[in-house]
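To start, the structure itself, in structure tokens.
The values are calculated or read from the model by the stated rules, or taken from the named source; none is laboratory data. Everything numeric in this text was worked out from a predicted model, so none of it was measured. Note: ideal-geometry Cβ built from the backbone for every residue, glycine included; neighbour counts use all protein chains shown.
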Amino acid sequence: MSVYSAQHLQQFRLVVTGGGTGGHTYPALTTINALRERLAKAGIEPDLLWVGVHGGLEEKISARAGVPFRAITTGKLRRTPTPRELMRNVVDAFRIPIGIGQAVLTVARNRPSVVLSTGGYVSVPIGLASRLFGVPYLMHEQTLALGLANRILAKFATRILLSQEPSLQHLTPKARERAVVTGNPIRPELFTGDREKGAAAFGLDPRVPIVVVTGGAAGAQQINRLLAAVLPDVLPYCQVIHQCGSLSYAEMQQVAAQLPPALAHRYKVLDFIHEQMPDVLAAADVVLARSGAGTVAELTALGKPSILIPYGASAGGEQRSTAKHLAGLGAAVMLDGPTATPENLCTELMSLVSDPARRAAMAHSAAAQGHPDAADKVVDEILTVASRGA
């Protein structure tokens, strides 16, 4: 708090931009909550504005968080367009100047102390408007390699906030001077989990290894089908809590119904895990998941051994790059492409659930890559930059 005087705090205004996906939206929300908590200690409520796209996830999340929202027009230029997407590129090319004009008006009227961007195409117009008015601009990158929007914005961002150390090598030498590794902000409630509660909630024995399987909120059919193929072989040695997504829920219920009665009680399938997720992750001895930026940030911050199956169609192959990076450090096992088979999954699961020493070593390596204090570090950067511009 010392980096910013009480007088200037009373006048502090933050514009947040970013959205389109949960990977861009939730780090922004977590940072907003951390900032509010920090300033509340001084009896101050920050003046906030979230700029995004009408109907986007960010609009829904900002409303739930009680943050004023302003929608602007924006366009997405697809890097490998199909004929249909090529036409959408043409249409979006005309939308981009409109969005820049709206962004300029937004920054001119609001006069923020700082602008924070967490990525997505909506961040580009606001970033350009910030530069026009000389407003300090902080951009946060969640993935190893910078996304297209952030590659543009990194050229003039006041500070470049990175989630992982290897991202520095993707920056120019000049940009690197303005970069700091903060980590990727994750929900603080994830650190409040209790293993005993997580096991008890599903009638599981905390003394038997627990594998948590998730493909994210929507599930991942590839992971679901691989798991279905190996359940009869692995359940004698472990228990499984599976968030499968709504699209595969009926299918996975059928899989559960066909398990031998002696094993069926060890497999718990849900379409979505809500408030119990902190306890579920605390109970996890091994996690089987995709390797999206948010998932990896959570697993490393919690120090969880994992088997990662990248989503092959992720932009720029970022999930594959992330999984490969963690696997190279001994923080995860990567199954990808031809190696993502039921046989290999069974082998890796059996190895991990039967080898506490290997799990402990992997957990240690994962935790070494984690940033449990990422939200606080991002808030530090916001207030530090604001103090210099005050």
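A few comments on the model shown:
- Arg95 vs. criteria of a type in the set (Lys, Arg), at pLDDT below 95 and touching a Ser or Thr at 6+ places or on another chain (Cβ under 8 Å): yes
- Taking the criterion of being surrounded by 22 or more Cβ atoms within 10 Å (Cβ to Cβ) and either within 15 Å of the chain's Cα centre (by Cα) or under 18 Å from Asp373 (Cβ atoms) (or both), the residues of the stretch 31-61 that qualify are Thr31, Ile32, Leu35, Glu58.
- Figure legend. Inter-residue proximity from the stretch 372-385: first residues under 17 Å from Arg36 (Cβ atoms), second residues part of a helix (DSSP H, G or I) and not polar (S, T, N, Q), beta-carbon distance below 7 Å, spacing 6+ or different chains. Indicated pairs: Ala375/Ala34; Asp376/Ala34; Val379/Ala34; Val379/Leu35; Val379/Arg38; Ile382/Leu35.
- Tallying residues that are surrounded by 15 or more Cβ atoms within 10 Å (Cβ to Cβ) and more than 20 Å from the chain's Cα centre (by Cα) within the stretch 160-175 yields 2.
- Subset tally (residues that are over 20 Å from the mean Cα position of the chain (by Cα) and closer than 16 Å to Ala340 by Cβ) for the stretch 223-233: 7
- Scanning the stretch 194-216 for residues that are within 26 Å of the chain's Cα centre (by Cα), charged (D, E, K, R) and not in a loop (DSSP other than H, G, I, E, B) gives Arg195, Lys197.
- Any chance Ala374 is under 29 Å from Gln221 (Cβ atoms) and crowded, with 22+ Cβ neighbours inside 10 Å: no
- Lone qualifier among Leu138, Leu132 - being more than 23 Å from Leu329 (Cα to Cα), assigned by TED's automatic domain parsing to the domain that holds Leu383 and surrounded by 24 or more Cβ atoms within 10 Å (Cβ to Cβ): Leu138
- Output for the stretch 206-250, where each listed residue is touching a residue at least 40 places away in the same chain (Cβ under 8 Å), of a type in the set (A, V, I, L, M, F, W, C) and over 19 Å from Leu352 (Cβ atoms): Ala217, Ala220
- Residue ID - farthest from Leu144 (Cα to Cα), chosen from residues in the stretch 154-174 that are in contact (Cβ under 8 Å) with a residue 60 or more places away in the chain and not small (Gly, Ala, Ser): Thr158
- Pairing each residue of the stretch 251-278 that is touching a residue at least 40 places away in the same chain (Cβ under 8 Å) and part of a loop (DSSP other than H, G, I, E, B) with any residue that is of a type in the set (Gly, Ala, Ser) and surrounded by 16 or more Cβ atoms within 10 Å (Cβ to Cβ), provided the two are 6+ apart or on different chains, yields C-beta distances under 6 Å for Gln276/Ala201.
- All positions within the stretch 292-323 that are surrounded by fewer than 22 Cβ atoms within 10 Å (Cβ to Cβ) and touching a strand residue (DSSP E or B) at 6+ places or on another chain (Cβ under 6 Å): Thr295
- With respect to being in contact with a helix residue (DSSP H, G or I) (Cβ under 8 Å, 6 or more places away or on another chain), under 22 Å from Ser113 (Cβ atoms) and part of a helix (DSSP H, G or I), Leu138 falls outside the description.
- Complete set of residues in the stretch 347-369 that are of a type in the set (A, V, I, L, M, F, W, C), more than 26 Å from the chain's Cα centre (by Cα) and surrounded by fewer than 18 Cβ atoms within 10 Å (Cβ to Cβ): Met350, Ala357
- Qualifying residue in the stretch 57-67 (condition: touching a Pro at 6+ places or on another chain (Cβ under 7 Å), at pLDDT 95 or above and under 22 Å from Lys377 (Cα atoms)): no
- Test: residue in the stretch 348-356 that is outside any helix (DSSP H, G or I), without any contact (Cβ under 8 Å) to a residue 24 or more places away in the chain and not hydroxyl-bearing (Ser, Thr, Tyr): yes
- Qualifying positions in the stretch 111-124 - farther than 23 Å from Thr143 by Cα, of a type outside the set (Ser, Thr, Tyr) and crowded, with 19+ Cβ neighbours inside 10 Å: Pro112
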